[in-house]
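A short worksheet on the structure shown next.
The values are calculated or read from the model by the stated rules, or taken from the named source; none is laboratory data. Treat the numbers as computed from the prediction; the structure is a model and nothing was measured. Note: areas computed on protein heavy atoms with side chains; ligands, DNA, RNA excluded. Shrake-Rupley method; radii C 1.70, N 1.55, O 1.52, S 1.80 Å.
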Amino acid sequence: MEKYLILNADDFGQSEAANQAIMYLLEERKVSSATIMPPASAFEQAAAWCRKQKAANIGLHLTLTSEIAALPWKSLTGDPSLEGPDGRMHATIEAFE
């Protein structure tokens, strides 16, 4: 039985710096795949790159919290259950629950 190692770059779309690193790793085939975060601040940049590259090795990162204070995100739906009083996604799992 053959064994495979899959290296996934998580948090694609989190920031421009994360995107640059992940795009480089994917282009150089240093990672096998990535997971993209639609509510994140640099999602549009990551999605545009995926479309241009016709990348089939990109999965969806289920994003329910926004723990980095410097990069707060709004939920995609704006549903109050997904956001705190400030209109941003909850910073912790406990706050989300």
Quiz prompt | Rounded percent of accessible protein surface that carbon and sulfur make up, the chain, 1.4 Å probe | solution = 56
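Suppose a student asked you for the relative contact order of the chain, using Cα pairs under 8 Å spaced at least 6 residues apart; what percent would you report?
Working: 151 pairs, mean separation 21.9, N = 97.
It comes to 23 percent, rounded to a whole number.
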Self-check item: Helix 16-27 vs. the chain, principal-axis angle (Cα, 0 to 90°, nearest 10)
Solution: 20
Quiz item: Counting each DSSP H run of 4 or more residues in the chain as -39500 (n - 2.57), what helix-only mean residue ellipticity at 222 nm follows after dividing by all residues, to the nearest 500 deg cm²/dmol?
Solution: -8000 deg cm²/dmol
Quiz item: Where Rh denotes the Kirkwood radius from the mean inverse Cα pair distance, what is Rg over Rh for the chain?
Solution: 1.04
Exercise. Find the lysine pairs in the chain meeting two conditions, Cα atoms under 27 Å apart and a separation of 8 or more places or different chains, and report how many there are.
Key: 5
Quiz item: Helix 43-53 versus the longest principal axis of the chain: what is the Cα-based angle in degrees, 0 to 90, to the nearest 10?
Solution: 20
